[in-house]
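Everything on this sheet refers to the single structure shown next.
The values are calculated or read from the model by the stated rules, or taken from the named source; none is laboratory data. Quick caveat, the model's predicted, so the values are computed rather than measured. Here the Cβ positions follow ideal geometry from the backbone for every residue, glycine too, while neighbour counts run over all protein chains shown.
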Amino acid sequence: MTSQRVCEHDYAGCTLAEGLRQIGWNEHFERQMAGLDIAPGRVARVLSAQRDQFLVTDGLAEWLCTPSGKVRHNRQGDYPVTGDWVIVRETVIEQVLARKNLLSRGDAGSRGTRQPSATRVQPIGANIDMAFIVCGLDRDYNLRRIERYLTLIYNCGITPVVVLTKADLHDDPEPFRQEVESVAFGVPVVLTSMHAEDSAQALHGFVGGGRTVAMLGSSGAGKSTLANVLYGSDMRATAAVSTSVGKGRHTTTARELIRMPQGGMLMDNPGIREIAFSTAGGGVDTAFPDIQRLAEGCAFGDCTHAHEPGCAVQQAVVDGELEAHRLESYHKMAREMAYVAERSEKSADRLEKERWREVSLLIRRMKKKGE
């Protein structure tokens, strides 16, 4: 197939090696290729996924691919998602390279539930280096939601950056930045305004150097507008925001990696209404280092910071050193993460039992044939 889309910044004067580096190729994937007898020209990255059609690029051109039969029947495993590196033969994807990470969340409606569907993983993108948490300084602003985003992103092994949009709505937006910095320890927090394009200047360096950046946030938070500013022109149409409710129409309906003029990749995403966790990990501990530090003073090593005597974390709340709302947020996410871990273990046990049941049935059949 011929190239489906070429933008003005793409593919001009690049060698294959340079093109691959600009779309995110690095040592992690180079090491995988070292053990495979596959020519570099058969490596591509998935820019977008629509059902069983995938737009891919090798850094020099873009074309549509379909999955091979083997890949198609592996939907429960590493089925291609946006951001994956794949081995192709002309217009067929034959293999998905091992991911560096997978940015994912639980299915919508699964947060806080104990239904089987809560364990299903909804992939957002693969092989992501950095995630912009985009939050508008209007009705969208919510510290507790930012904490959830941080936990989700850390859980997936990705570096976060908080981007506060619509700073022009306030005479002095600086207190918002300081408030976010008080819960996002060591995380860059950038104020931006649609009326001052240079306000996003600090973000340009993040989307260069072959890095892949995903943008996460609610609908109407300003993700698409921010993407246009970083790109240098309208990447796609941006719908108007309703002033009555502070929400924007869904201008982004699919996840797509865009090659940026700065030399990296940017993924815009549809608005996320619910931040549910799909996999267990250390995201809660990383997102709440202040609580982890206080916990070192607890009388018991396995203190849950709920009702135990000698709890340094509870004492910090009493002393005003730690906000009660932040501890409540920590407890809520820690419970969710523990439940996800429990469900994952049960699922793994069930799969193992089913596998051995199939082996036992096979042995019985072989014995009957031998009689």
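Could you grab me the full set of residues in the range 139-194 that are hydroxyl-bearing (Ser, Thr, Tyr) and closer than 20 Å to residue 338 by Cα?
149, 151, 154
Scan the range 142-158 and give yes if some residue there is at pLDDT below 95, among the acidic types (Asp, Glu) and outside any strand (DSSP E or B), otherwise no.
no
Specify the residue that is modelled with the lowest pLDDT; the eligible residues are those in the range 276-309 that are crowded, with 19+ Cβ neighbours inside 10 Å and under 21 Å from residue 340 (Cα atoms).
For the range 276-309, the residue satisfying everything is 278.
Please determine, by comparing only the residues of the range 195-236 that are among the hydrophobic types (A, V, I, L, M, F, W, C) and outside any helix (DSSP H, G or I), which one is surrounded by the fewest Cβ atoms within 10 Å (Cβ to Cβ).
196
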